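Just below is one structure, and these are the notes that go with it.
The values are calculated or read from the model by the stated rules, or taken from the named source; none is laboratory data. In this text the structure is predicted, and so the values were computed from the model without any measurement. Cβ sites come from the backbone with ideal geometry, for glycine too, and all protein chains shown count toward neighbours. Accessible surface is based on the protein model in full, side chains and every heavy atom, while ligands, DNA and RNA are left aside. Shrake-Rupley method; radii C 1.70, N 1.55, O 1.52, S 1.80 Å.
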Amino acid sequence: MGTRSELLARALLDSGSQVNVISERLCQMLKLKRRTICVPITGVGQAELVAKHAVRSTISSRVTDVMIGMEFLVLKRMTSELPCVTAPITHWKIPHEHQLVDPQFNTSGRIDLLLGAEHFFSILYAREMKRVTLGPQLPILVDSVFGWIVSGKNASLQQKRSVKCCTVTTPVKLEEMLERFWKVESCSEQLAWSKEEQDCEEDLKRTHSRADDGRYIVQLSKQPNFDRMLGESRTAALDKHRKLENRLERNPNMKEQYHTFMKEYLDMGHMRKLTDEEKQAEANGMEGRAQPTVFYLPHQAVLKESSTTTKLRVVFDASACSSSGYSLNDVLLMGPVIQDELLHVLVRFRKHAVALVGM
């Protein structure tokens with residue numbers, strides 16, 4: 001039996017959803033075993049996407065002993081942050097004896113789970129549903145096996161521009177699935193770019209430059225709210241660095257190769273040591289801020305004795321999570337794939353009598 005991982009996550013109850021959904025982020029943090037699937041998902045306005053993996057996990061209450069095993073589809077992201085803005089609740093009269101499932105329900109935040117119709121009414125005590133009214137134009141409290149849930153209308157948020165709707169269905173239409181299969185197999189001229197890919201392309205055009213030695217210099221293309229997403233990373237990076245030093249002390253040969261590699265990085269200007277003034281400026285900049293403005297990139301040694309060239313490589317881990325749960329990779333824009341697909345290359349290769357290959 002492996003060690004069971006437990007994480008506190010925010011869930012959304014949706015009686016109109018035919019499936020349960022878990023975010024890619026939470027799935028990775030829990031290290032859940034995946035099963036490959038291909039399930040089309042349709043939302044409001046017939047917006048479609050495909051779930052490629054399914055997992056099984058158990059959800060449990062933070063205030064009761066209830067535990068429920070569920071099957072989840074894995075999606076990169078199921079909805080934007082909910083509620084759309086943080087709502088003031090100082091004037092709400094919430095009974096102190098009622099333990100809320102989410103004490104921070106009024107704070108805008110990430111949703112990592114969507115619980116659908118399969119378990120909706122079993123969670124809400126369908127036979128004896130208890131409700132508490134908070135007041136006119138305010139939500140109500142509904143009792144559940146996980147504690148009290150806040151649901152309903154909040155008049156103070158009615159003037160906000162964005163509206164969230166999360167109902168999802170899984171249509172199974174053979175004709176449509178067959179049509180999508182042929183579209184995937186066809187050699188289209190160019191696939192349409194997503195909004196994120198377009199933003200990344202525009203940011204690259206706007207910020208890139210060329211150095212005097214001919215090398216191109218590009219900035220990291222960041223998500224619009226990256227400074228709010230990225231958490232503190234120095235503590236985790238230092239902890240990994242100490243473990244790395246202990247490992248190198250036990251292997252003098254690896255230590256020598258590692259130091260040689262890092263010295264090359266210093267000599268080439270790829271990195272430099274922070275000055276005391278910069279450290280102090282960073283510490284001063286953090287005062288009064290919820291999030292830092294820097295990310296410390298952990299690194300480790302990968303030794304491959306069978307290699308005939310470079311036996312040791314230094315791997316930098318941009319997927320390491322910060323204190324907010326987001327990594328550097330998570331807060332960067334993902335650009336489009338600009339390489340030709342292998343299928344297209346092979347098809348073009350067969351069209352000519354003579355082919356030249358460059359190494």
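Annotations
- Residue within region 329-343 that is modelled with pLDDT of 85 or more and under 17 Å from LEU238 (Cβ atoms) present: no
- On the stretch given as region 253-285, residues that are under 32 Å from the mean Cα position of the chain (by Cα) and of a type in the set (Ser, Thr, Tyr) total 2.
A quick yes/no check of all residues on (1) on the phi > 0 side of the Ramachandran plot; (2) at pLDDT 75 or above; (3) aliphatic (A, V, I, L, M):
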residue: THR133; (1), (2), (3): no, yes, no
residue: PRO139; (1), (2), (3): no, yes, no
residue: VAL142; (1), (2), (3): no, yes, yes
residue: GLY147; (1), (2), (3): yes, yes, no
residue: SER151; (1), (2), (3): no, yes, no
residue: ASN154; (1), (2), (3): no, no, no
residue: LEU157; (1), (2), (3): no, no, yes
residue: SER162; (1), (2), (3): no, no, no
residue: VAL168; (1), (2), (3): no, no, yes
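- Members of region 109-131 that are in a loop (DSSP other than H, G, I, E, B) and at pLDDT below 80: LEU124, TYR125, MET129, LYS130
- In the set (1) under 31 Å from the mean Cα position of the chain (by Cα); (2) surrounded by 10 or more Cβ atoms within 10 Å (Cβ to Cβ); (3) modelled with pLDDT of 80 or more, the condition left unmet by THR293 is number (3).
- Residue count for region 78-92, restricted to those that are open to solvent by 30 Å² or more (accessible area, probe 1.4 Å), among the polar types (S, T, N, Q) and under 28 Å from ALA117 (Cβ atoms): 1
- For region 64-77, the set of residues classified as open to solvent by 40 Å² or more (accessible area, probe 1.4 Å) and within 23 Å of the chain's Cα centre (by Cα) consists of GLU71, LYS76, ARG77, listed by residue number.
- Cβ-Cβ contacts under 7 Å between residues 6 or more apart (or on different chains), taken from a first residue in region 122-141 that is closer than 18 Å to LEU100 by Cα to a second residue that is among the polar types (S, T, N, Q) and modelled with pLDDT of 75 or more, are listed as ILE123/SER144; LEU124/SER144; TYR125/SER144; PRO139/SER151; ILE140/THR133; ILE140/SER151.
- Filter pass, PHE121 being under 23 Å from LYS153 (Cβ atoms), out of contact with any Phe, Trp or Tyr (no Cβ under 6 Å at 6 or more places or on another chain) and aromatic (Phe, Trp, Tyr): yes
- None of PRO103, PRO95 is within 30 Å of ARG228 (Cβ to Cβ), open to solvent by less than 70 Å² (accessible area, probe 1.4 Å) and part of a loop (DSSP other than H, G, I, E, B) except PRO103.
- Across region 296-322, the number of residues qualifying as at pLDDT below 85, open to solvent by 50 Å² or more (accessible area, probe 1.4 Å) and not in a strand (DSSP E or B) comes to 7.
- All positions within region 7-35 that are open to solvent by 40 Å² or more (accessible area, probe 1.4 Å), within 28 Å of VAL331 (Cβ to Cβ) and not in a loop (DSSP other than H, G, I, E, B): ALA11, LEU12, GLU24, ARG25, GLN28, MET29
- From the list LYS255, LYS243, LYS273, the one residue that fits, being in a helix (DSSP H, G or I) and open to solvent by 80 Å² or more (accessible area, probe 1.4 Å), is LYS243.
- Residue tally, condition under 21 Å from the mean Cα position of the chain (by Cα) and either exposed (fewer than 10 other Cβ atoms within 10 Å of the Cβ) or at positive phi (or both), over region 190-223: 1
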